[in-house]
Amino acid sequence: MTNQPPAVSRRERLRAQTFQEIEDSSFAIIDADGVHALTIAALARSMAMSAPAVYRYFASRDALIAHLVTVSYQQLTTAMAEAVEGSRRAPRSRVRLLVAAYRDWALSHRRRYGMLFAERAGDVASRPPGQTPLDQAMALLVDLLAAVQNPAPADTTTGDRTLDEQLRQWARARGRPDTTPRAATAAIRIWTRVHGIVSLELTGMFENRTIEAQRLIDLEIDSAVHAMTATAP
């Protein structure tokens, strides 16, 4: 006898459907006008619902936005993982694929990307407990950098004992306890530099096309990898 999954009641199906519609409608408002335009009243109007009905699903606007932030992180992480999944390219090339997917998602979802790094209400956690989807993406980047570093140079530290311990703690928190301080530094450098360049790109800083953002990103990747693999003098 096969074990059949428990039947889902009609009420549960309708609730799941409405939950998905709330999510989709919220993203539509954000994509069109920005997160500031998303209110419970605006969402209810777009769905032809009453505001009290929306509150049955989310206790507040802040709770709704916190959920949307988590979903957006998941979408970003999925895009990055899919970019390198099954790729037979060298690790350094896969780092570029991973970062390119990050930039592509940000450019395709400008207002969602801005929402990810916006200030949130003090009574709403900016990140859920445990590993976030972005932590998973960072772990993937760390793994690729570790592969680039293999065989590693004899000295894999930064030269700063306090910083080295902080970097080891950072790597352990992301489930990569064997990551060297140099590889952790490279991962942080790449992510922070790419985030900065992409953020400037989204504000229109490179619209005159005299500077190509992707070339700047590639330069930052090469610089971080070189620092990670260089042998001590």
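Results, tabulated for the structure shown:
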read-out: Residue match in segment 101-121 (condition: surrounded by fewer than 19 Cβ atoms within 10 Å (Cβ to Cβ), outside any helix (DSSP H, G or I), modelled with pLDDT under 80 and within 12 Å of the chain's Cα centre (by Cα)); value: no
read-out: Selected residue [touching an Asp or Glu at 6+ places or on another chain (Cβ under 8 Å), at pLDDT below 90 and not basic (Lys, Arg)] from Ala152, Ala146; value: Ala146
read-out: Of all residues in segment 54-75 being assigned to a helix (DSSP H, G or I) and among the hydroxyl-bearing types (Ser, Thr, Tyr), the one that is nearest to the chain's Cα centre (by Cα); value: Tyr73
read-out: Qualifying residue in segment 29-39 (condition: free of Cβ contacts under 8 Å to residues at least 60 places away in the same chain and part of a loop (DSSP other than H, G, I, E, B)); value: yes
read-out: Every residue from segment 153-192 that is more than 15 Å from Ala224 (Cβ to Cβ) and either outside any helix (DSSP H, G or I) or among the small types (Gly, Ala, Ser) (or both); value: Ala154, Asp155, Thr157, Gly159, Asp160, Ala171, Ala173, Arg174, Gly175, Arg176, Pro177, Asp178
read-out: Residue pairs meeting the criteria (Cβ under 6 Å; at least 6 apart or on separate chains; first charged (D, E, K, R), in segment 46-71; second at pLDDT 95 or above); value: Arg61/Ile40
read-out: Extreme residue, nearest to Leu134 (Cα to Cα), among residues of segment 146-172 that are surrounded by 12 or more Cβ atoms within 10 Å (Cβ to Cβ) and of a type in the set (A, V, I, L, M); value: Ala171
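The values are calculated or read from the model by the stated rules, or taken from the named source; none is laboratory data. As the structure is a prediction and not an experimental result, all values here were calculated from the model. With ideal geometry, Cβ positions are generated from the backbone for all residues, glycine too; neighbour counts draw on all protein chains shown.
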